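Everything on this sheet refers to the single structure shown next.
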Amino acid sequence: MTKHVLMVGAGLSGAVIGRMLAEAGHRVTVRDARGHIAGNCHTERDAGSDVMVHVYGPHIFHTDDAEVWDYVNRFETFQPYKNRVKTTSQGAVYSLPVNLHTINQFFGQTLRPDEARAFLESKADTSITDPQTFEDQALRFVGPQLYEAFFKGYTIKQWGCSPRDLPASILKRLPVRFNYDDNYFFHKFQGMPENGYTAMVDRILDHANITVELNRPVTRDEAAGFDHVFYAGPIDGWFDYRLGRLGYRTLDFERFEHQGDWQGCAVMNYGDVEVPYTRITEHKHFAPWESHEGSVLYREFSRACGPDDIPYYPIRQVAEKTLLAEYVDLARAEANVTFVGRLGTYRYLDMDVTIREALDCGRAFLAAQESGGAMPAFTVNPL
């Protein structure tokens, strides 16, 4: 039986689920409170320089999931792109993630890989056997000097708290390499959409059974008129924040322009806590197959997210997880609503994981329709 389904949010989750359901014959309405599609990965051409700008900060596609890679390439040509991040510390520029060149440069050494492993181990605090905090993790595996130079100040600025108050799991995502590989990601498939993410999402949404409505916030009461709702907005927002607001970090961008090449790379981190911004991004370097004289850059500042700000990074510390559990209980009591994506499940998600979960969620809905079963509030446990 054909259903009329509402997607709240025109980002990756809403677009991918919506496309799958539309191709299966269902009617899909996609609504977004903002005036554009593609959510926080929205891209647009700068009128003056013609540079493709990542409006809400850079998004670099990387995955080991072959199906997801094939999916995005179905709707947009992805050009090869390797993320090579640089960082400044005390007036010098280094390569991230920490690799053999970083170690040799920082300590004035010419160590081979096995020598560098032993050298870093000699710097590490081996008394820490079970790292619980971000700081413990750093001190145990890279030692105090590299921690102070590359991780401590950046982390304080990014999260607005001491690294002693953050879980070790955050740092476990950051590799240390004992070779000269400066590719930030390990993944098999890495690239950038030739015409930007918004063009890709536009093609995903381009189906006769999909209607897109922008500048169109959705209330819980309005959603009741649909057979099913996929909600990619903030889970606490669905319930009008009745139990309180979940904590996020947000970003402010200070845009500036330059004629020529301003910093010679796409991303330059600033590890010193005295520098108020976390990094500068130069957007033309995210499309190295293009050539532009002009340049568009963002200084990026992180701060606590207020009620009128765009939520970026879920904090997910003890208090937030406790509140999230209460909202999850409310969500599971809802009928015909499934919470999806970064905001709907209050989890930090890379783009490939978002798409993978959306594909799985769409298939779960179609399977439930075929079997006559009920669609759950979550297809991935947010806790």
Kindly establish whether H4 is at pLDDT 95 or above and in contact with a His (Cβ under 6 Å, 6 or more places away or on another chain).
no
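Examine the range 112-131 for a residue that is among the aromatic types (F, W, Y), within 22 Å of Y184 (Cβ to Cβ) and either out of contact with any Leu (no Cβ under 7 Å at 6 or more places or on another chain) or in a helix (DSSP H, G or I) (or both), and state whether such a residue exists.
Looking through the range 112-131, none of the residues is among the aromatic types (F, W, Y), within 22 Å of Y184 (Cβ to Cβ) and either out of contact with any Leu (no Cβ under 7 Å at 6 or more places or on another chain) or in a helix (DSSP H, G or I) (or both).
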Only one of (1) among the small types (G, A, S); (2) within 30 Å of W289 (Cα to Cα); (3) in contact (Cβ under 8 Å) with a residue 60 or more places away in the chain does not apply to A92, and that is (3)
N183 passes all but one of (1) crowded, with 19+ Cβ neighbours inside 10 Å; (2) in a loop (DSSP other than H, G, I, E, B); which number fails?
(1)
Conditions first: (1) in a helix (DSSP H, G or I); (2) of a type outside the set (K, R); (3) buried (at least 18 other Cβ atoms within 10 Å of the Cβ). Y346 passes all but one, so which condition is the exception?
(1)
How many residues, within the range 276-326, are assigned to a loop (DSSP other than H, G, I, E, B), among the small types (G, A, S) and either in contact with a strand residue (DSSP E or B) (Cβ under 9 Å, 6 or more places away or on another chain) or under 27 Å from L166 (Cα atoms) (or both)?
2
Would you point out the residue of the range 54-83, among those that are within 17 Å of the chain's Cα centre (by Cα) and among the charged types (D, E, K, R), that is modelled with the lowest pLDDT?
K82
Odd one out for A47 among (1) under 18 Å from P234 (Cβ atoms); (2) not assigned by TED's automatic domain parsing to the domain that holds I355; (3) not charged (D, E, K, R)
(1)
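The values are calculated or read from the model by the stated rules, or taken from the named source; none is laboratory data. The structure presented is a predicted model; accordingly, all values stated were derived computationally and were not measured. All Cβ positions, even for glycine, are placed from backbone atoms using ideal geometry, and neighbour counts span all protein chains on display.
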